[in-house]
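Only one structure is covered here, and it is reproduced in the block below.
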Amino acid sequence: MHVRHVATAFFANGVAATIWLAPTPALAAKLGTSVGGFGVAFVAFALGGIVGTRIAPVGVRRWGAGRATLITGGLVSVLLAARAVPDEVAVFFVVQVAAGIADGAQDVSMNVVGVAADRLTPVPIMNRLHGVWSVGAVAGGGIGAGMAALDASITVHFAAAALIVGALNVAALPLRRSSVAVDPPTAGARRWWQSRTLVLLGIMGIAASLLEGAPLDWGVLYLSDELDASSGAAGMSAVTFTVGMVASRLAGDHLVHRFGVPVVLRIGALAAAAGLTTALLVDQVPVVIAAWGVIGAGVAVAYPALFVAAGRAPGLPPGSGIGAIASVARAGFLIGPLLIGPAADRYGLRTALAIPLVAAAVIIVLADAARRPAA
């Protein structure tokens, strides 16, 4: 198993996550719904993702993590093309659920492979693998925007997206020979909720989702509504957030190797909290945009650390541990809007966006649970 093939799978999944987003307005019009009403499609994808992370361990045990990554990657590609087919919202909802299941299952499978590769290298690599995913997401968004700028039809857009992601998965085919050992569950194996470590990691996963998802989801609205920033300036919040994540993940492995996971997690959570606090207190658009980059850099190290710890939790196969954390963390992305939306309506968005500061505190307190296990 070569690390570059693992990285290719992460990159392909990142591209698939964003390459389909640009034609959303045209797709909403085709389906006969408003852009706002199209939000149900994102909910469908999130729900499917939770299901996918729960069933992924079955595929990992049956085919091995490498083959499971490739099989689910192929399904992700096919379902990209399938998004162009429906003419009704209900049918598109079903496609989105299926796409979410495939994405969630690949997420777990490729992270099992990543944890195995991380174990074999003298310096941790999980942060860089997730950094490659982030680069793929940026690339996918750029490719999608480019096709939209060229007025590509919905059919052409999704067919091209499927071919691109499919080709990237083909480039990762050597993973089918991956020697990742995945132990089947035994009669004495525990459920994940019976493991104190997994429960604490799950709590941190929810906190990490809230700390990552809330600024990313609400950043544009905060800049435009609270600070009267232009559309272009408001949109830069997502750009700086993503750039901060990529930079942090590319450096994170070396920091973990030198200082240990708990220290890096705590520093990251403190940085994210400091960035968010600055953004909420300083009414200067350039400062807030820069602060969003600091938030992205701070939260970037959380998921790689949680997946490594979950994949090595005693008493559980790697797929089961990672699948549990992935599903709980994805549930956190649903919890965030349910907390912040009503709070914003009642108290204002500035006050509501202080909620993720609690999530940062949770990570700081529980960081020792993600201590890197001995190889």
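Using Cβ point charges alone (K and R +1, D and E -1), the dipole size of the chain about the Cα centre works out to roughly 1540 debye.
Ligands, DNA and RNA left out, the accessible area of the chain computed with a 1.4 Å probe is 68% carbon and sulfur.
Positive-end ranking of Ala162, Leu276, Pro262 along the dipole of the chain, with charges on Cβ about the Cα centre, is headed by Pro262. Largest to smallest in accessible area, the residues Ile267, Ile340, Ile101 fall in the order Ile267, Ile101, Ile340 (1.4 Å probe, all protein chains included). Ile143 contributes an accessible area of around 60 Å² to the protein surface, as traced by a 1.4 Å probe with all chains present.
Ordering Val285, Gly59, Phe45 by Cα displacement along the dipole of the chain toward the positive end leaves Gly59 in first place; charges were set at the Cβ atoms of Lys, Arg (+1) and Asp, Glu (-1). With the simple spin-label model, which puts each label point 7 Å out from Cα in the Cβ direction, the Val365 to Leu120 separation comes to 4.0 nm.
State in Å² the accessible area per residue of the chain; use a 1.4 Å probe, count heavy atoms of protein chains only, and round to the nearest integer. Provide the component values of the computation, followed by the final result.
Numbers: 15440 Å² over 375 residues.
So the chain comes to 41 Å² accessible per residue, rounded to a whole number.
Residues Arg371, Arg196, Arg119, Arg266, sorted by accessible area with the largest first, give Arg196, Arg371, Arg119, Arg266 [1.4 Å probe; ligands and nucleic acids excluded].
Positive-end ranking of Leu334, Val3, Ser231 along the dipole of the chain, with charges on Cβ about the Cα centre, is headed by Val3.
Ratio of the chain's C-alpha Rg to 2.2 N^0.38 Å, to two decimals?
Details: Rg = 19.8 Å, N = 375, 2.2 N^0.38 = 20.9 Å.
Normalised Rg, Cα atoms only: 0.95.
Listed by number, the DSSP H helices of the chain that run 24 Å or longer by alpha-carbon position along their axis and have mean Kyte hydropathy of at least 1.0 are 39-63, 65-82, 89-120, 154-171, 196-221, 261-281.
The values are calculated or read from the model by the stated rules, or taken from the named source; none is laboratory data. This is a predicted model, so every value here is computed, not measured. Cβ sites come from the backbone with ideal geometry, for glycine too, and all protein chains shown count toward neighbours. Side chains are part of the model used for accessible areas, which takes the heavy atoms of the whole protein and leaves out ligands, DNA and RNA. Shrake-Rupley method; radii C 1.70, N 1.55, O 1.52, S 1.80 Å.
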